[in-house]
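Shown next, in structure tokens, is the structure this report addresses.
The values are calculated or read from the model by the stated rules, or taken from the named source; none is laboratory data. None of the values given here were measured: they were computed from a predicted structure. Note that each Cβ is placed from the backbone with ideal geometry, even for glycine, and that neighbours are counted across all protein chains shown.
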Amino acid sequence: MTDDTDKRLEGVGGWLAFLVIGLLVFTPLRGFAAFGQLSLVADKEGANLPQLVYNIEVLRIALQVAIAGFAGIKLYRSRHVDTVPLAITILWLAGPILNALDFVAVSWLLDEQVLNGQRLGVMIGSVLWASAWTAYLLKSKRVKNTYRFITVDEYENLRGR
């Protein structure tokens, strides 16, 4: 690839746009679906599902949606090099780390291991999701061209948008 081609790979487009849309749109949709599923389980279990477990699940969903949304907005609006490590940290926090903490907390509160096929699938999926996007954010020429140290003039131009 020539330098001219590399320079055209700049800005929020391609796979980077897909990541931003995923963080801003798909994560909240997945959160609403998880909340709906949690409500169905709570209705089915009735008194067998402690309120604290329900509250922890709702908190996890809300945190995942909020911090993923923050990462999506940051990736869309910022052009500074510090955006990439922040986004990677948030991908791991919103996915595997929150899911693992949720699993431990619910298992401890219910005093039983609640790792079933669905929960294991969610945990594996979140690790794969975070791993794939981490690799993309670290290796992509578009990402390197978009998020970099900028001059004062470039910063003023970005603010003028």
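With the structure loaded, tell me whether Val106 is in contact with a helix residue (DSSP H, G or I) (Cβ under 9 Å, 6 or more places away or on another chain) and more than 21 Å from Leu24 (Cβ to Cβ) or whether it fails that test.
Yes; evaluated as a whole, the condition is true for this residue.
Would you point out the residue of the range 59-79, among those that are farther than 21 Å from Ala132 by Cβ and either crowded, with 16+ Cβ neighbours inside 10 Å or polar (S, T, N, Q) (or both), that is modelled with the highest pLDDT?
Of everything passing the filter in the range 59-79, Leu63 is modelled with the highest pLDDT.
Determine whether Ala100 is aliphatic (A, V, I, L, M), under 30 Å from Lys144 (Cβ atoms), surrounded by fewer than 16 Cβ atoms within 10 Å (Cβ to Cβ) and within 15 Å of the chain's Cα centre (by Cα). Lay out the reasoning, then the answer.
Working: aliphatic (A, V, I, L, M): yes; under 30 Å from Lys144 (Cβ atoms): no; surrounded by fewer than 16 Cβ atoms within 10 Å (Cβ to Cβ): yes; within 15 Å of the chain's Cα centre (by Cα): yes.
Against the criterion (aliphatic (A, V, I, L, M), under 30 Å from Lys144 (Cβ atoms), surrounded by fewer than 16 Cβ atoms within 10 Å (Cβ to Cβ) and within 15 Å of the chain's Cα centre (by Cα)), Ala100 does not qualify.
Might you check whether a residue that is part of a helix (DSSP H, G or I), at pLDDT 85 or above and basic (Lys, Arg) occurs anywhere in the range 117-126?
no
Do we have any residue at all in the range 75-83 that's among the hydrophobic types (A, V, I, L, M, F, W, C), touching a Lys or Arg at 6+ places or on another chain (Cβ under 9 Å) and in contact (Cβ under 8 Å) with a residue 60 or more places away in the chain?
yes
Would you point out which residue out of Leu101, Leu109, Leu137 is of a type in the set (A, V, I, L, M) and under 17 Å from Val12 (Cα atoms)?
Testing whether each residue is of a type in the set (A, V, I, L, M) and under 17 Å from Val12 (Cα atoms) leaves just Leu137.
I need every pair where a residue in the range 54-73 that is under 16 Å from Val106 (Cβ atoms) has its Cβ under 9 Å from the Cβ of a residue that is among the acidic types (Asp, Glu) and crowded, with 16+ Cβ neighbours inside 10 Å, sequence separation at least 6 or different chains.
Ile56/Asp102; Glu57/Asp102; Leu59/Asp102; Arg60/Asp102
For the range 45-78, give me the residue count where each residue is closer than 30 Å to Lys141 by Cβ and touching a Gly at 6+ places or on another chain (Cβ under 9 Å).
Summing the residues that are closer than 30 Å to Lys141 by Cβ and touching a Gly at 6+ places or on another chain (Cβ under 9 Å) in the range 45-78 gives 3.
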